[in-house]
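S.K.: Please read through the structure below; I'll follow up with questions.
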Amino acid sequence: MLEVLTGSGLAASAGLNAYIPLLLMGLLARYTDLVDLPGGWQWLGNGWVILILAVLLTIEVVADKVPVVDHVNDVVQTVVRPTAGGLAFGAGSSSETVTVSDPDTFFSSHQWVPVVVGVLIALGVHLLKSAARPVINATTAGFGAPVASTAEDATSAVMSVVAILLPVLVLVFLLGFVLFFGWFLRRRKDRRRERAAARAAGFRV
């Protein structure tokens with residue numbers, strides 16, 4: 001199960017920032033012994049791939065902190081983040097790490113399964129992030145965008161590290177996402193009720 005938690009953590013991380021988990025996997029595989037990528041994923045540790053991911057990460061970090069631009073970026077990332085999530089789950093769940101020593105046993109007969117699971121996890125996190133950002137921008141006149149984006153990037157980085165080194169703690173992050181999602185839905189429902197009440201009061205006046 002540890003490989004599943006590792007893959008889930010990396011996929012969820014990609015839902016917040018597509019490039020952080022892939023870049024981290026590549027760097028750790030290339031320069032440390034913490035990650036041993038299997039044959040099909042060796043390309044992540046290639047120097048050119050790492051450089052490209054670093055450039056894309058820089059662009060993403062800047063674009064996601066500018067109001068309006070962040071919305072356009074989220075639209076583009078609707079394809080990129082789930083794809084990265086699938087790659088991250090596939091690479092992470094099939095790699096040997098400091099906590100996973102026999103990763104092939106869980107998905108040995110269905111190699112496509114982890115990629116699909118990663119796509120779905122990253123897509124879910126991405127949709128939640130995309131839905132929350134306009135609310136944050138509207139309620140803070142745009143000033144909340146860089147703060148929220150920085151928090152998301154930090155969460156993505158920490159979750160990626162935890163997924164590799166202490167995958168059991170990924171359960172805590174996933175629980176936090178579920179709780180935040182429930183709070184967000186309630187908050188959105190309350191705001192709609194408040195707007196409806198305000199319109200009704202306006203008509204009565």
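S.K.: First select every other residue whose beta carbon is under 10 angstrom from the beta carbon of Pro146; then total the charges, Lys and Arg +1, Asp and Glu -1.
M.R.: Here the count lands on -1.
S.K.: Tell me which residues come under 5 Å, amide H to amide H, from Glu96 once H is placed; ignore anything under 5 positions away on its chain.
M.R.: Under 5 Å from the amide H of Glu96: Asp36.
S.K.: Quickly rank 47-54, 70-77, 113-120 as a protection proxy: mean count of other C-beta atoms within 10 Å, highest first.
M.R.: Descending mean neighbour count gives 113-120, 70-77, 47-54.
S.K.: Highest mean first, how do 58-69, 16-27 rank when packing is the count of other Cβ atoms within 10 Å averaged over residues?
M.R.: Listed from highest to lowest mean packing, they are 16-27, 58-69.
S.K.: With no solvent and one point per C-alpha, what does the Debye sum give as log10 I(q)/I(0) for the range 1-62 at q = 0.17, 0.22, 0.26, 0.29 Å⁻¹?
M.R.: For the requested q values the scattering log ratios are -0.59, -0.94, -1.17, -1.26.
S.K.: For the pair Val147 and Arg191, what calculated FRET efficiency results from E = 1/(1 + (r/R0)^6), where r is the Cβ-Cβ distance and R0 = 22 Å, to the nearest 0.05?
M.R.: Computed FRET efficiency for Arg191 and Val147: 0.65.
S.K.: Give a residue-ordered list of calculated ³J(HN,Hα) values for the range 74-90 (Karplus: 6.51 cos²θ - 1.76 cosθ + 1.60, θ = phi - 60°; whole Hz; x for Gly, Pro).
M.R.: 5, 4, 4, 6, 4, 8, 5, 5, x, 4, 4, x, x, 5, 5, 5, x
S.K.: Which whole-number value in Å² is the accessible area per residue of the range 23-81, probe 1.4 Å?
M.R.: 56 Å²
S.K.: Further question on the same structure: So how far, in whole Å, is the C-alpha centre of the range 1-64 from the one of the range 115-129?
M.R.: Comparing the Cα centres of the range 1-64 and the range 115-129, I get a distance of 16 Å.
The values are calculated or read from the model by the stated rules, or taken from the named source; none is laboratory data. Everything numeric here is computed off the predicted structure, so don't read it as measured data. For neighbour counting, all protein chains shown are included, and Cβ atoms are generated from backbone atoms with ideal geometry for every residue, glycine included. For the accessible areas, the whole protein counts, side chains as well, though only heavy atoms, and no ligand, DNA or RNA atoms are used. Shrake-Rupley method; radii C 1.70, N 1.55, O 1.52, S 1.80 Å.
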